[in-house]
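Just below is one structure, and these are the notes that go with it.
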Amino acid sequence: MPFSVVLDTCVVYPAHLRDTLLRLAERGLYQARWSSGIVDALRKNLVEIGIDPHMVERLINEMNRAFPEGLTTGERGRIRHRGDPT
């Protein structure tokens, strides 16, 4: 089983980078993961730059459909950031 990689907002926000990383995950090179917080930040940032909210929801739904294991939830889904208390 390939290793898991958390795709933070900074890499799923730019369309070209998101597309490249998701295509690599689709080919099985790694397992793409993200949290609901990452999705919320992506949604907020895309809407702020003028992307139609319906298109943003479609993008997020497609990501979740293509990678049903991508969205992490619960305690197991807690993503620790550098500097977070243990």
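Some notes on this structure:
- Using θ = phi - 60° in the Karplus curve 6.51 cos²θ - 1.76 cosθ + 1.60, the 3J(HN,Hα) couplings for the stretch 54-67 round to 5, 5, 5, 5, 4, 4, 5, 4, 5, 4, 5, 6, 6, 10 Hz; x is entered for Gly and Pro.
- A DSSP coil position with no more than 10 other Cβ atoms inside 10 Å describes the following trypsin sites (Lys or Arg not before Pro) in the stretch 1-47: Arg27.
- Near Ser4, the amide H atoms lying under 5 Å from its own belong to Gln31; only residues 5 or more places off or on other chains count, and H is placed 1.01 Å from N.
Each value in this text was obtained by applying a stated rule to the coordinates, not by laboratory testing. The structure presented is a predicted model; accordingly, all values stated were derived computationally and were not measured. Cβ sites come from the backbone with ideal geometry, for glycine too, and all protein chains shown count toward neighbours.
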